[in-house]
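Undergrad: One structure, pasted below without further comment.
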Amino acid sequence: MTGPKSGPIAQLLAPGLFGAELYDHGQPLPLHPDEARHVAGAAQKRQRDFVLGRTCAHAALAQAGATVLVAGSSVFGAADPGAAVAALRTAAEVARSA
């Protein structure tokens with residue numbers, strides 16, 4: 001991932017806006033189960049596009065200083081709410097460190 005001030009996408013954004021770029025080299029990328037279910041039946045290429053997009057979205061939110069995750073049904077509708085919270089925390093930490 002490139003930072004908020006580098007790369008072609010960043011050059012298109014007005015000051016105060018954040019973006020993220022990710023080049024697909026087949027690297028493993030985490031995807032929250034509640035996000036994964038949206039593309040569970042999709043073709044492999046579509047699933048990969050989705051995970052790349054979500055990874056960039058998480059990174060851009062972290063750059064913008066997002067410190068709160070609104071989970072709602074992601075947690076309360078999960079079979080194991082504790083595991084859902086843990087997965088959200090992991091996704092936030094991965095995005096924050098990117």
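No lab work stands behind these numbers, since they all come straight from the coordinates. The model shown is predicted, which means the values in this text are computed figures rather than measured ones. So basically every Cβ, Gly included, is an ideal-geometry build from the backbone, and we count neighbours across all protein chains shown.
Undergrad: Taking a point 7 angstrom from the Cα of ALA66 along the C-beta vector, which residues in the stretch 17-35 have backbone N less than 17 Å away?
TA: 17-22, 30-35
Undergrad: I would also like to ask the following. Quote to one decimal, in nm, the extra length available between VAL85 and ALA57 on full extension: 0.36 nm per residue of separation minus the C-alpha distance between them. Numbers along the way, then the final one.
TA: On the way: separation 28, 0.36 × 28 = 10.08 nm, distance 1.86 nm.
Between VAL85 and ALA57, full extension yields an extra 8.2 nm.
Undergrad: Among rounded, prolate and oblate, which fits the stretch 7-97 when a ≥ b ≥ c are the square roots of the eigenvalues of its C-alpha gyration tensor, a/c under 1.5 means rounded, and a/b larger than b/c means prolate? Walk me through the numbers before you get to the answer.
TA: On the way: a/c = 2.26, a/b = 1.31, b/c = 1.73.
The shape class here is oblate.
Undergrad: Right, here's the next one. Using the 10 angstrom Cβ neighbour count as an exposure proxy, how do HIS25, HIS58 rank, fewest first? Show your work: numbers first, answer last.
TA: Details: HIS25 5, HIS58 24.
Placing the least packed residue first, the sequence is HIS25, HIS58.
Undergrad: Fewest Cβ neighbours within 10 Å first, please rank ARG89, ARG48 accordingly.
TA: Ordered by Cβ neighbours within 10 Å, fewest first: ARG89, ARG48.
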